[in-house]
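Taking it in order: structure first as structure tokens, then the write-up.
The values are calculated or read from the model by the stated rules, or taken from the named source; none is laboratory data. Fair warning: this is a prediction, and the values are worked out from it, not measured in the lab. Every residue, glycine among them, receives a Cβ derived from its backbone with ideal geometry; neighbour counts consider all protein chains shown. Heavy atoms of the whole protein, side chains included, go into the accessibility calculation; ligands, DNA and RNA do not. Shrake-Rupley method; radii C 1.70, N 1.55, O 1.52, S 1.80 Å.
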Amino acid sequence: MNTKLRKFIATLMLGLSATAISFAQTAQEGFDQLNTNQTEEAGQTFKKLAESSPSEESYFNLGYYHVRNNQLDEAQKAFEKGLALDDKSYINQVGMAMVELGRGNREKGKEMIDYAVKKTRGKDANVLFRAGEAWSLFDKTSDPAEAIRLIDEATLKDNTLADAYIVKGDILSKKNEGGQAVTAYEYALTARPNYAVANNRIGQIYLRGKNYNLALDFYKKAIEKDPDYAPAYKDLAELYYLARQYKRAAENFDLYIQKSGDKDPETVLRAAQFAFVADDYSRSLELLDSIKGKIDNPILKRMYGWSYYKTNNMEDAIKNLEEFIQVAPTTKDEDGNFRTLVPDDYRYLGRAYNKMATEGEYTEQGIEALMKGADLDTNVAESATTYKEIANLYLKNKEYLKAGAAFDKGIAMDTAKANGNDYYQAGSAYSYAASNIALPDSTGKFDSLELAKMPEAMVGLDGAALAAKKKEFYLKADSLFAFTSKKLPDWPYSYLQRANVLYNAYGAQANLDQGISLPYYEKFVELGEKDGSLSKTYFKQPYSYLALYYQTVGQDEAKAKTYWQKLLTVDPDNITAKQALGMTEPATAVTPKKGNSK
């Protein structure tokens, strides 16, 4: 061979080698795009390679791309082109087997895989790897054991096949063999250090095992090694969602979409959900609008309803939620199960109706929806909170018996978490209800103004029954204020209210004779004077009661004098106090006023 010919061949081989290296790098780019969920970009890469450098390998890669996207007819065309170039292209034979398995033709697929492995004498690592992967791609024709057997043979022959270890790990993960799956992914990292896919997969295993800190570490490591690896942002978003760090969840999901270019309407819907829980309601609506008409998923109406409520568009909130509640239970989710309504569907609907109220604090539809939401909720704390929400609406609307009953239900559902304010509000409801029960005069007639305030359930009862109910509700209020003082022992108002309702329950003289309200007024004065910030008005009744008690019943002139003097500091014109202290002519004693003090 002459020198010129040798130089030509050397130059040609160098050029081919460079082309092969360039091709391999670009093909890997395509696989990386595929693994990063950059589906369109991966397709373009593989198509360009098949057009610019048609070979059995480039056609296999294109076909494999179509298989991964469940485009089996297109995959078959690509594999057939690879076989047309070389009918002994066993990698494309494996590709054809993938197509058959995807179509459910298990026996035919097996026959083709066995043939390819036999013809390569089990020595072609790539053929063994893809043959093993073929058995893992489709649930209806999968054979995990055979897949792992073939992949193990492949990695014995070439331990640099990082993706072979990834596929093995995925198979083991699907079988809930997390420890072995992690080992496989670690081998992938040995074959390809800093491989984001492997780090992310390990994070997924730890997440499944509820080891959230390690999951977080590996997701972050995946991003650190490859900032463009989109799935890590998606998984990180879901992890932050579980941790109730909603803003971080939304930010990372947006990064996933940005990095992957994933514009699938279901993905955008998920992004809208993340934006909603992150309190970015305008962003949620913007995302929902971008997929309107592109998705047949009733959840869209739910998200519109919730987001419209949060942006004060009550009419559209009601429209979307009413439609969702009608249609959702008749449709199935991605797992084939009928969709179920969640408590917030009714809660947001109820709140929207109540915001539309033209008279009072609520509408009947609103209360009905809130109650449905509370009854549907399996979380007793959330259900109890909803009943308290209903109670407060009744309280603001001055429907005190309804408010009391709703507070009772909310407190009973979650007694352990009921706080002092819950009991105080409930006590106030019953106290107001009692004070609104009108009693007839000596002639059996009612004051028209008092009668107008009468709770509807009391109308029609005779005087004795009304008096009994009035006392019953005051005593009910006292029992609730007692719970408040146990929860908040240093809060003065609960003692003041106990004293007041007991005063009203037993009547002025009976109460004073027995000193029923005495310990509670004294406790209020002790705490109130120590606090120093309370309005003077709150002390008028306690000082008056205590002064009268010690003057008439307790027979303690010193204490009586002290309280009469204190009464004058908050009520300088009080005639009774002045008379008691000899500052003016005696007159008829004035008893403390009735009713709530706060």
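When a/c is below 1.5 the answer is rounded, else prolate if a/b is larger than b/c, else oblate, so apply that to the stretch 266-353 with a ≥ b ≥ c taken from the square roots of the Cα gyration tensor eigenvalues.
The shape class here is oblate.
Not counting ligands, DNA or RNA, and with a 1.4 Å probe, what is PHE481's accessible surface area in Å² rounded to the nearest 10?
0
Would the chain count as rounded, prolate or oblate if I go by the C-alpha gyration tensor, calling it rounded below 1.5 in a/c and otherwise prolate when a/b exceeds b/c, oblate otherwise?
Cα axes put the chain in the prolate bin.
Straight-line reach only, C-alpha to C-alpha below 19 angstrom: list the lysines that LYS566 could link to, leaving out same-chain residues fewer than 8 apart.
Output for LYS566: LYS523, LYS530, LYS536, LYS540, LYS578, LYS593.
Before I look further, what does the stretch 231-311 give for accessible area per residue, probe 1.4 Å, in whole square angstrom?
Using a 1.4 Å probe on heavy atoms only, each residue of the stretch 231-311 averages 47 Å².
Please list 447-460, 179-192, 228-241 highest first by mean number of surrounding beta-carbon atoms within 10 Å per residue.
228-241, 179-192, 447-460
GLU361 to GLU177: extension gain in nm, 0.36 nm per residue of separation minus the Cα-Cα distance?
Gain in length upon complete extension: 60.6 nm.
Report the label-to-label distance for SER53 and LYS332 in nanometres (one decimal), using points 7 Å from each Cα along the Cα→Cβ vector.
Result for the modelled spin labels: 4.6 nm.
Checking the cross-link filter: which lysines have an alpha carbon closer than 25 Å to that of LYS301, excluding same-chain neighbours under 8 positions apart?
Of all the lysines, those that pass the test against LYS301 - Cα under 25 Å, at least 8 places apart if same chain - are LYS234, LYS247, LYS263, LYS292, LYS310, LYS319, LYS332, LYS355, LYS372.
Taking 0.36 nm per residue of separation and subtracting the Cα-Cα distance, what length does fully extending PHE446 through ALA467 add?
Length gained, PHE446 through ALA467: 6.2 nm.
If R0 is 41 Å, what FRET efficiency do you get for ALA145 and VAL380 from their C-beta distance, rounded to 0.05?
0.35
Could you tell me the extents of the stretch 138-235's C-alpha atoms along the three principal axes, largest first, rounded to whole Å?
34, 26, 21
Taking all protein chains in place and a 1.4 Å probe, what share, in percent, of the accessible surface of the stretch 219-328 do carbon and sulfur account for?
44
Rounded to two decimal places and with Rh computed the Kirkwood way over Cα pairs, what is Rg over Rh for the stretch 435-509?
Rg/Rh for the stretch 435-509 comes to 1.07.
Pairing the Cα long axis of helix 364-376 with the longest principal axis of the chain, what angle in degrees results, from 0 to 90 and rounded to the nearest 10?
60
So if I take the centroid of the Cα atoms in the stretch 310-341 and the same for the stretch 459-511, what is the distance between those two points in Å?
Going from one Cα centre to the other spans 45 Å.
Find how many whole Å separate the alpha carbon centroid of the stretch 43-84 from the alpha carbon centroid of the stretch 146-182.
24
Rolling a 1.4 angstrom probe over the protein heavy atoms, how many square angstrom per residue are accessible across the stretch 456-510?
In whole numbers, the stretch 456-510 has 46 Å² accessible per residue.
Round to the nearest 10 and give me the degree value, 0 to 90, for the angle of helix 212-225's Cα axis relative to the longest principal axis of the chain.
So the inclination is approximately 50 degrees.
Mind checking which aspartates and glutamates have their C-alpha under 15 Å from LYS119, skipping anything on the same chain fewer than 8 residues away?
ASP86, ASP87, GLU111
Using a Förster distance of 41 Å, how high is the FRET efficiency between SER290 and ALA84, based on the Cβ-Cβ distance and rounded to 0.05?
Taking R0 as 41 Å, the efficiency between SER290 and ALA84 is 0.45.
Compute the distance in nm between two label points, each set 7 Å from the Cα along the Cα-to-Cβ direction, one at GLN509 and one at SER479.
If labels sit at GLN509 and SER479, their model points lie 2.9 nm apart.
Kindly identify the stretch 51-137 as rounded, prolate or oblate by the Cα gyration tensor criterion: order the square roots of the eigenvalues as a ≥ b ≥ c, call it rounded if a/c is under 1.5, otherwise compare a/b with b/c, prolate if a/b is larger, else oblate.
Oblate shape, in that a/c is at least 1.5 and b/c is the bigger or equal ratio.
Among the listed pairs LYS81/LYS174; LYS88/LYS110; LYS210/LYS294, which have their C-alpha atoms separated by more than 24 angstrom in this model?
Check vs 24 Å cut-off fails for LYS81/LYS174; LYS210/LYS294.
Distance between the C-alpha centers of the stretch 230-253 and the stretch 370-424? Whole Å please.
Going from one Cα centre to the other spans 33 Å.
Suppose the chain between THR311 and GLU456 were pulled fully straight at 0.36 nm per residue; how much longer would it get relative to their current alpha carbon spacing?
This chain segment gains 48.5 nm when fully extended.
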